[in-house]
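Contents: one structure, followed by commentary.
What follows is calculated from the coordinates using simple rules that are stated; it is not laboratory data. Model, not experiment: these values are computed from the prediction.
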């Protein structure tokens, strides 16, 4: 699966499960951590956990497993690290507090409109 196909799969999965405010930020030129951050939030800790689990499940069906996961215990902020793509799924208040989009505002916001229903 190419990087673009993986981005599309993650974004569509989040959208299908009613994630809010899905954003994709290209950070290739800013850090060696990853090429892209995908940021979304759920409406509750249960919804947040479900969003992350569904992304992990859908990619595992394609034979892709995360290098690392963190945050399932509290489900306020779940991180799925797929190497080139890191998925951040927040509970809304936690997202508002950390403001990752502001921290990575030098990155390139990717137009994901074609992937959303």
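Just a few scattered comments:
- Computed [θ] at 222 nm, helices only, for the chain once each DSSP H run of length n ≥ 4 contributes -39500 (n - 2.57): -10500 deg cm²/dmol
- Value in Å of the Kirkwood radius, where segment 3-110 supplies the Cα pairs that are averaged: 13.5
- Each Cα pair under 8 Å and six or more residues apart adds its separation to the average, and for the chain the resulting relative contact order is 31 percent.
- Of 15, 29, 81, the one that fluctuates the most in a GNM where the chain has Cα springs shorter than 10 Å: 29
- GNM top mover of 19, 34, 52 - the chain, alpha-carbon springs below 10 Å: 34
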